[in-house]
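The values are calculated or read from the model by the stated rules, or taken from the named source; none is laboratory data. As the structure is a prediction and not an experimental result, all values here were calculated from the model. Positions of Cβ are backbone-derived with ideal geometry, glycine not excepted, and every protein chain shown enters the neighbour counts.
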């Protein structure tokens, strides 16, 4: 299937600063894509190119194979990290204005606004000025403004920063519902653990370069370390050429918790079989590296000199 | 999306016009103008009307006191007695002054005349007394030199200079320098005030968008240029609405006040002439008329109400003699051109800085030419509208909006007007280009110390 969005060798500089260096991506339709990397890596620069706030110096963006053009603006919904609303405008008026700028007619926009305000429990606030709303409510209004024109591509920069846990869950559910209805979601964040479990695909960006991308499962598979966590009861004294104990913890009542790595050619079942013969197994779990760990390892492999430095904003 | 610009303009307009402060300001200013105008007219006319009584104690023995001529402002009442007594009586009386002509006053030694008053003696009062005495003395001196009374009467003339403007084609036009200057001054003030008031609003508006962080959301829907121009045009519409309402309401309020106090004032209703004209004309006419009334009261103190009316009629006749078409056309061009040029720059400042308090360093170089052209305009150019200063300032796009409208009522050669408008258009396009570039980069730039060097770099960032 043709990807809904492609970036081809995109490069962007601001004066002497290189914000994006030869970045290429593919984002499949109806998926959730995680654009991950530390602050200042170039994520926002890439998003601003996709949303046509700025243009790429080199390379191009394609939407369903077509070169990015002004008509695509209506197909994209963008919630920037720096969120804002006109403080002195009423909630309803403001949503209407933003929706009409995306090309919606007054009648259609009004209907959708009504439905969304109801859905997110904001109906009583429609006639209030934005500045009278709590921060959480303002964020809901901002979210509505992002999705009101039913964009095919929804870009959320640091989507859950600043949301309280209840609203974060509410928004999460809405995002999944939108995906199910056919939208493609792009998350951009430096807090990788916050979106890890939702993403189908990810790309890692560091220091203006893409360092890794692919489906989350495949990325994880490549970084599997054949390490297992074992909890049980008994005296575990492994002396075996196929297994290596990385960590051994004794607990009270003869309980233990070990971290064990398999050597090449050994399967988890081999380990289990060995364990069952010696102790009572209560928990057995593979230790899969988090995206964050993968990121750090990958960066250490590819550009070891950069990781220790604090990334800087342009 | 061609309609986005329109949507932005509409929002900028409506949110401002719907504000309570807009309503209050729109209602308050005409009341202030009307009250102020009424106050001036009241002072001017009451000064003219009241006749002051001055007691005259004549010890000169030349019957000078009897011969002092009463005027509409001054009535002389002879009294007798010695000075100290008369002074005491004067203090008890309701008269405005006591003139003491001492013994030994003669043509050769006109000294020792004293004017007593309760409180300080006003210059006007003193001048009126001096004039009256002057007249007596000069008559006597002329008689002494052998002139007959008939000759003296024949010598008295009342000269009223009518100035005629000869234009290049040799046609004669009635001109009234005061009306011409009045219009020039009023138009310049209008442009100056408009650019300042609403230019600063553009700057604030952009600053608010930046600090409320709505900018990035907006820019994912619209182009920075659309956003900037939408704001500039929307605020211009707010300004025009406000000025129009001020014009109409001021005329209304002034008419109301003059109607209420009509019997107390001899001032004719200049407003009736103004209401029939368009609002811009109304402003000019009203401004010219008010200016005329003030000067007629101060300058020619002796003018009777009848004379004032005829002079005012002269003003309107002079107005008709002015190149009104050219003035109107030029005013619209320079008004819009000047506003757009400066508006774009104000927008760029708002975009460049994070904090409203940082605007000062960038405000200065922009407001400087505006303030200078106004100050030099109403002094140098108004006095010499065809001089080199006037010429050059009306060519430079940053000063021409004010300098040229001051020159327009005096008549400007066609080629100069064309050249100046051409330069203004080039200047306007150039400024908007520069402003748009600064705006585009600036609106998304936070937390950076902005210098001129930095700004000049932004001009060459690729889109």
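Of all residues in region B:7-32, those satisfying the criterion of being touching a helix residue (DSSP H, G or I) at 6+ places or on another chain (Cβ under 8 Å) and farther than 17 Å from residue B:206 by Cβ are B:7, B:10, B:17, B:22, B:25, B:26, B:27, B:29, B:30, B:31. Residues in region B:410-437 that are under 30 Å from residue B:181 (Cα atoms) and either touching a strand residue (DSSP E or B) at 6+ places or on another chain (Cβ under 9 Å) or in a helix (DSSP H, G or I) (or both): 17 in all. Got at least one residue in region A:136-145 being closer than 27 Å to residue A:26 by Cβ, more than 9 Å from every other protein chain (Cβ to nearest Cβ) and buried (at least 17 other Cβ atoms within 10 Å of the Cβ)? Yes: region A:136-145 contains one or more residues that are closer than 27 Å to residue A:26 by Cβ, more than 9 Å from every other protein chain (Cβ to nearest Cβ) and buried (at least 17 other Cβ atoms within 10 Å of the Cβ). The requirement of being more than 14 Å from chain A (Cβ to nearest Cβ), more than 19 Å from the chain's Cα centre (by Cα) and either crowded, with 22+ Cβ neighbours inside 10 Å or free of Cβ contacts under 8 Å to residues at least 60 places away in the same chain (or both) is fulfilled nowhere in region B:212-227; no residue meets it.
None of B:440, B:407 is within 14 Å of chain A (Cβ to nearest Cβ), touching a helix residue (DSSP H, G or I) at 6+ places or on another chain (Cβ under 7 Å) and in a helix (DSSP H, G or I) except B:440. Return yes when residue B:143 is part of a helix (DSSP H, G or I) and free of Cβ contacts under 8 Å to residues at least 60 places away in the same chain and no when it is not. For residue B:143, the condition - part of a helix (DSSP H, G or I) and free of Cβ contacts under 8 Å to residues at least 60 places away in the same chain - is met.
Restricting B:61, B:81 to residues that are at positive phi, touching a residue at least 12 places away in the same chain (Cβ under 8 Å) and either surrounded by 15 or more Cβ atoms within 10 Å (Cβ to Cβ) or touching a helix residue (DSSP H, G or I) at 6+ places or on another chain (Cβ under 9 Å) (or both) narrows the list to B:81. Condition first: more than 9 Å from chain B (Cβ to nearest Cβ) and crowded, with 23+ Cβ neighbours inside 10 Å. Can you find one or more residues in region A:102-113 that meet it? Yes, some residue in region A:102-113 is more than 9 Å from chain B (Cβ to nearest Cβ) and crowded, with 23+ Cβ neighbours inside 10 Å. Among the candidates B:419, B:423, B:372, B:408, the residue that is assigned by the TED database to the domain that holds residue B:210, buried (at least 21 other Cβ atoms within 10 Å of the Cβ) and closer than 30 Å to residue B:322 by Cα is uniquely B:408.
Being modelled with pLDDT of 80 or more, surrounded by 21 or more Cβ atoms within 10 Å (Cβ to Cβ), in a helix (DSSP H, G or I) and at negative phi: is that true of residue B:252 here? Explain how you work it out, then say what you get.
Values: modelled with pLDDT of 80 or more: yes; surrounded by 21 or more Cβ atoms within 10 Å (Cβ to Cβ): no; in a helix (DSSP H, G or I): yes; at negative phi: yes.
Criteria not met by residue B:252.
Scanning region B:111-135 for residues that are at pLDDT below 80, exposed (fewer than 13 other Cβ atoms within 10 Å of the Cβ) and more than 20 Å from residue B:72 (Cα to Cα) returns B:111, B:119, B:120. Working only within region B:336-360, note down all residues that are over 30 Å from the mean Cα position of the chain (by Cα) and surrounded by fewer than 21 Cβ atoms within 10 Å (Cβ to Cβ). B:354, B:355, B:356, B:357, B:358, listed by residue number. Taken over region A:23-53, the criterion of being within 11 Å of chain B (Cβ to nearest Cβ) and touching a strand residue (DSSP E or B) at 6+ places or on another chain (Cβ under 7 Å) is satisfied by A:44, A:45, A:47, A:49, A:50, A:51. Restricted to region A:72-101, and to residues that are more than 9 Å from chain B (Cβ to nearest Cβ) and closer than 19 Å to residue A:183 by Cα, which residue is surrounded by the fewest Cβ atoms within 10 Å (Cβ to Cβ)? For region A:72-101, the residue satisfying everything is A:75.
The residues of region B:21-53 that are outside any helix (DSSP H, G or I) and at pLDDT below 80, listed by number, are B:50, B:51, B:52. For residue A:157, the conditions (1) surrounded by 15 or more Cβ atoms within 10 Å (Cβ to Cβ); (2) touching a helix residue (DSSP H, G or I) at 6+ places or on another chain (Cβ under 8 Å); (3) without any contact (Cβ under 8 Å) to a residue 60 or more places away in the chain; (4) within 12 Å of chain B (Cβ to nearest Cβ) all hold with the exception of (3). If the requirement is being outside the structural domain of residue A:184 (by the TED database) and under 17 Å from the mean Cα position of the chain (by Cα), which of these qualifies: A:292, A:269, A:201, A:206? Only one candidate qualifies: A:292.
Considering every residue within region B:355-371, establish whether at least one is farther than 30 Å from residue B:446 by Cα and part of a helix (DSSP H, G or I).
To start, the set of residues in region B:355-371 that are farther than 30 Å from residue B:446 by Cα comprises B:371.
Within this subset, residues satisfying the condition of being part of a helix (DSSP H, G or I) are B:371.
Yes, region B:355-371 contains a residue that is farther than 30 Å from residue B:446 by Cα and part of a helix (DSSP H, G or I).
If you check residue B:101 against the conditions, is it crowded, with 19+ Cβ neighbours inside 10 Å and either in the same structural domain as residue B:135 (by the TED database) or at pLDDT below 85 (or both)? Show your work before the answer.
Numbers: crowded, with 19+ Cβ neighbours inside 10 Å: yes; either in the same structural domain as residue B:135 (by the TED database) or at pLDDT below 85 (or both): yes.
Taking the combined requirement at face value, the residue satisfies it.
Considering only residues in region B:1-27 that are surrounded by 13 or more Cβ atoms within 10 Å (Cβ to Cβ) and away from chain A (no Cβ under 11 Å), the one that is farthest from residue B:260 (Cα to Cα) turns out to be B:9.
Looking only at helices (runs of 4 or more DSSP H) that fall completely inside region A:232-314, which ones have 3 or more residues that are at pLDDT below 85? Before the answer, list the steps.
Numbers: elements: A:268-276, A:291-302, A:304-307.
Passing ranges, in order: A:291-302, A:304-307.
When residue B:362 is tested against (1) more than 28 Å from residue B:439 (Cβ to Cβ); (2) out of contact with any strand residue (DSSP E or B) (no Cβ under 8 Å at 6 or more places or on another chain), exactly one condition is not met: (1).
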